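What follows is one structure encoded as structure tokens, with my remarks underneath.
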There are 2 protein chains.
Amino acid sequence: VSAPVIDGSGRIVGMITVDDVVDVIEEEAEEDIMHMAGVAESDFNESVLKTSYWRIRWLIVTLVNTLLAAFVISQFEVSIQKITALSFLMTINAAMGGNSGMQVVTVVVRGLATRSIRDGDTWRAVSKEVMVGLMTSGFFSLILGVIAAFWIQDIYIGVVLAVALIFNMLWAAFAGTLFPIIIDRLGLDPAISAGPILTTTTDVLGYATFLGLATTFLL
Amino acid sequence: VSAPVIDGSGRIVGMITVDDVVDVIEEEAEEDIMHMAGVAESDFNESVLKTSYWRIRWLIVTLVNTLLAAFVISQFEVSIQKITALSFLMTINAAMGGNSGMQVVTVVVRGLATRSIRDGDTWRAVSKEVMVGLMTSGFFSLILGVIAAFWIQDIYIGVVLAVALIFNMLWAAFAGTLFPIIIDRLGLDPAISAGPILTTTTDVLGYATFLGLATTFLL
């Protein structure tokens, strides 16, 4: 099963087999998956040095993100000294926002690649994801708000966590849809950049919102 | 371009076109990518309610993980009260371990799917990833150890962060290779489960190692 390749005068100069087509599709699919983790090449058979270099290049995004997040938390040292519980509750908010955001980014990046999200669909996609964000954040803020209130024996700390969680997961839904679409419009590859960029904002905003709300309403 | 489908007596009863083959490959690739984020179905055109249900089902893994991690941190309340800097440095260690682990899982899951990692390759894969883990963790522990030492004005806190980082990233390399292979052997899908399982261990071990080392050597 093959297709002939002809030159300008109609003579056959080669052919493309089904295998060639399948190879290209599989390569493209592999690339998409590798890009989601910022791993640019399939490197099982590459040298340790080259593999390390590729991995480090993309982990630098995490390095910058994590330093930024640490800086934001450090601004609330006094609050954490007064209510130590803030130091472990703040990680819940950041993790839930980051993970729900990765789900959104995955669906949107794939939707753009398969053209199931087209040019006119931006606001339909955003409004749908924000609706889903409302449902999911409502579910988890109820559970985690109650757990935190009982754990710390303080109903207000439960309310602060619940409100911060809704804010962070709604941001993840909104930005997780919009970031990949904007990056795609700019002609860049959303698969490799949208995840790290979104995680930076959910981490930084997650810590800032939760610790900010706690500082304002609990101290 | 098509292949005939014949019955037992050699009569043509239908045909498979290249389009059919391409469709199957694209579906498989899409499934792999969706699985990496625990998003089981391509849901852009699904209802808000159904999409929310699918997302919530997998975010419950994050919920359990994040509560476990918060519990581990809460065991070090006294240490954090004494050295508030621990509350923001601990997030650096967990994030670096989690992200380097996701890179390893992605490469291994893909290697298993494309059969480039075969039955006899387990220890070759583990030892290679551990070598890469040594290189990458050495690089980042040097940078982050120096940054932490200057930031907190305490060289020992820099050493503790550097050691914890090497430990956590080596664990991510080791378990990030072994977990998907074991899950695959058990006949389960590593794409959907390996990531969340690994992140739980890098979070919990990351907080426990860093805060444990800091409590032992700094207080």
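The values are calculated or read from the model by the stated rules, or taken from the named source; none is laboratory data. Everything numeric in this text was worked out from a predicted model, so none of it was measured. With ideal geometry, Cβ positions are generated from the backbone for all residues, glycine too; neighbour counts draw on all protein chains shown. The area values use the complete protein model at the heavy-atom level, side chains included, leaving out ligands, DNA and RNA. Shrake-Rupley method; radii C 1.70, N 1.55, O 1.52, S 1.80 Å.
Quick look at the values:
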item	result
Residue (of A:Phe150, B:Leu144, A:Gly120) at the positive-pole extreme of the protein assembly as shown, dipole from beta-carbon charges	A:Phe150
Candidates A:Leu186, A:Leu112, A:Leu144: whichever shows maximal mean-square fluctuation once chain A is modelled as a Gaussian network with Cα springs under 10 Å	A:Leu186
Shielding by partners, peptide A:141-150 (average Cβ within 10 angstrom, other chains)	1
Computed helical MRE - 222 nm, chain B, DSSP H runs ≥ 4 contributing -39500 (n - 2.57), nearest 500	-27500 deg cm²/dmol
Convex hull projection area averaged over all views, the range A:122-219, Cα basis, nm²	6.7 nm²
In Å², nearest 10: area of A:Ile152 left accessible to a 1.4 Å probe	40 Å²
Check: chain B dipole with +1 on Lys, Arg Cβ and -1 on Asp, Glu Cβ, in debye	960 debye
Dipole magnitude of the protein assembly as shown about its Cα centre (Cβ charges: Lys, Arg +1; Asp, Glu -1), debye to nearest 20	1560 debye
Total accessible surface hidden between A and B, rounded to 100 Å², 1.4 Å probe	6900 Å²
Highest average packing first - A:46-56, A:90-100, Cβ atoms within 10 Å	A:90-100, A:46-56
For the range B:176-219 versus the range A:59-83, the gap between their alpha-carbon centres in whole angstrom	22 Å
Most fluctuating residue given options B:Val107, B:Val130, B:Val159, as computed from a GNM of chain B linking Cα atoms under 10 Å	B:Val107
For residues of B:119-128, the mean tally of beta carbons on other chains within 10 Å	1
Sequence-distant lysines (8 or more away, or on other chains) whose Cα lies within less than 23 Å of B:Lys128	A:Lys50
Gyration tensor verdict on chain B (Cα atoms; rounded if a/c is under 1.5, prolate if a/b is larger than b/c, oblate otherwise)	prolate
J(HN,Hα) series, the range A:80-92, from Karplus relation 6.51 cos²θ - 1.76 cosθ + 1.60, nearest Hz, glycine and proline x	5, 4, 6, 10, 4, 4, 4, 5, 9, 6, 5, 6, 4
Gyration tensor (alpha-carbon) shape descriptor, the protein assembly as shown, a/c threshold 1.5	prolate
Computed label-point distance, nm, for sites A:Asp19 and B:Asn45 using a 7 Å Cα→Cβ extension	3.5 nm
A:Trp151 accessible area, 1.4 Å probe, all protein chains in place, Å² to nearest 10	90 Å²
